[in-house]
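K.L.:
Got a structure for you, written out below as structure tokens; questions coming shortly.
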């Protein structure tokens, strides 16, 4: 009988040409706050609201760090090798062990947009989730007002599924339209 279980390992280190993906640490508070968490332009297309203080960012990081005990928790700090700064985040959510599927979401500091970094990171995480964990379908969605995120998904082999109207997603706007994408091994 075939084994249909996933091989959950939790958040381990991943490496790309320019980046290190690793677990968040409390010492990342300053980088996170300054590179994206306090930036209204970055938050405009995300689930979260702009952090009003560095203590708010620290509290969020404390929560994330406590979750690393779970082998089914996947949340990486994106570290730019050139300057050793944490410049963003990529995480897996909505894991369905029976269907071998999950969602992926990413955030990158504005100073690192349009450099191919999001594509590099997403490719690495897709590769890990498919080839190490055994995931067969990875879903992602983006605000239609942020087409650059959709281009990242396309470059990573994700295919457009549909546009969904008036869904709750954004921390800054209650209802937005999103485009859904999927990477599938089948």
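The values are calculated or read from the model by the stated rules, or taken from the named source; none is laboratory data. The structure presented is a predicted model; accordingly, all values stated were derived computationally and were not measured. Virtual Cβ from ideal backbone geometry, glycine too; neighbours counted across all protein chains shown.
K.L.:
Does the range 144-155 contain at least one residue that is over 17 Å from the mean Cα position of the chain (by Cα) and crowded, with 16+ Cβ neighbours inside 10 Å? Step through it out loud before you land on a result.
P.N.:
Going residue by residue through the range 144-155, those that are over 17 Å from the mean Cα position of the chain (by Cα) are 144-145.
Imposing the further condition that a residue be crowded, with 16+ Cβ neighbours inside 10 Å reduces the set to 144.
Yes, the range 144-155 contains at least one residue that is over 17 Å from the mean Cα position of the chain (by Cα) and crowded, with 16+ Cβ neighbours inside 10 Å.
K.L.:
Tell me, which residue of the range 72-87 that is out of contact with any helix residue (DSSP H, G or I) (no Cβ under 8 Å at 6 or more places or on another chain) and touching a residue at least 60 places away in the same chain (Cβ under 8 Å) is nearest to residue 27 (Cα to Cα)? Write out each step before concluding.
P.N.:
Here is the first cut: in the range 72-87, the ones out of contact with any helix residue (DSSP H, G or I) (no Cβ under 8 Å at 6 or more places or on another chain) are 72, 79, 81-84.
Checking the rest, the ones that are also touching a residue at least 60 places away in the same chain (Cβ under 8 Å) come to 72, 79, 81-82.
On the way: 72: 23, 79: 13, 81: 17, 82: 18 Å.
Filtering the range 72-87 for residues that are out of contact with any helix residue (DSSP H, G or I) (no Cβ under 8 Å at 6 or more places or on another chain) and touching a residue at least 60 places away in the same chain (Cβ under 8 Å), the one nearest to residue 27 (Cα to Cα) comes out as 79.
K.L.:
Quick one: which residue in 94, 88 is at pLDDT 95 or above, loosely packed, with under 15 Cβ neighbours inside 10 Å and under 15 Å from the mean Cα position of the chain (by Cα)? Lay out the reasoning, then the answer.
P.N.:
On the way: 88 fails: loosely packed, with under 15 Cβ neighbours inside 10 Å.
Going through 94, 88 in turn, just one is at pLDDT 95 or above, loosely packed, with under 15 Cβ neighbours inside 10 Å and under 15 Å from the mean Cα position of the chain (by Cα): 94.
K.L.:
Then there is this: Yes or no: residue 122 in contact with a strand residue (DSSP E or B) (Cβ under 8 Å, 6 or more places away or on another chain) and over 23 Å from residue 152 (Cα atoms)? Walk me through how you get there before you give the answer.
P.N.:
On the way: in contact with a strand residue (DSSP E or B) (Cβ under 8 Å, 6 or more places away or on another chain): yes; over 23 Å from residue 152 (Cα atoms): no.
Here the answer is no, as residue 122 does not meet what is asked.
K.L.:
Of everything in the range 113-125, what is at negative phi and either assigned to a strand (DSSP E or B) or surrounded by fewer than 20 Cβ atoms within 10 Å (Cβ to Cβ) (or both)? Give them in sequence order.
P.N.:
Step one: list which residues in the range 113-125 are at negative phi, which gives 113, 115, 117-125.
Scanning the range 113-125 gives 113, 115, 119, 120, 123.
K.L.:
Mind checking which pairs have a first residue in the range 135-153 that is touching a residue at least 60 places away in the same chain (Cβ under 8 Å) and a second that is not in a strand (DSSP E or B), Cβ under 6 Å, 6 or more apart or different chains?
P.N.:
Partner pairs satisfying both residue conditions: 135/100; 135/129; 142/149; 142/150; 143/45; 146/45.
K.L.:
Shifting gears a bit: In the list 29, 57, 11, which residue meets the criterion of being under 19 Å from residue 123 (Cβ atoms), at pLDDT 95 or above and buried (at least 20 other Cβ atoms within 10 Å of the Cβ)? I'd like the intermediate steps shown before the answer.
P.N.:
Values: 29 fails: under 19 Å from residue 123 (Cβ atoms); 57 fails: under 19 Å from residue 123 (Cβ atoms).
Only one candidate qualifies: 11.
K.L.:
Next up: So residue 161 fits all but one of (1) touching a strand residue (DSSP E or B) at 6+ places or on another chain (Cβ under 6 Å); (2) crowded, with 19+ Cβ neighbours inside 10 Å; what number is the exception?
P.N.:
Exception for residue 161: condition (2).
K.L.:
Within the range 170-182, is even one residue within 17 Å of residue 16 (Cβ to Cβ), modelled with pLDDT of 95 or more and surrounded by 13 or more Cβ atoms within 10 Å (Cβ to Cβ)? Quick ask: steps written out before the conclusion?
P.N.:
So the first thing to find is which residues in the range 170-182 are within 17 Å of residue 16 (Cβ to Cβ), and the list is none.
The answer is no; no qualifying residue exists.
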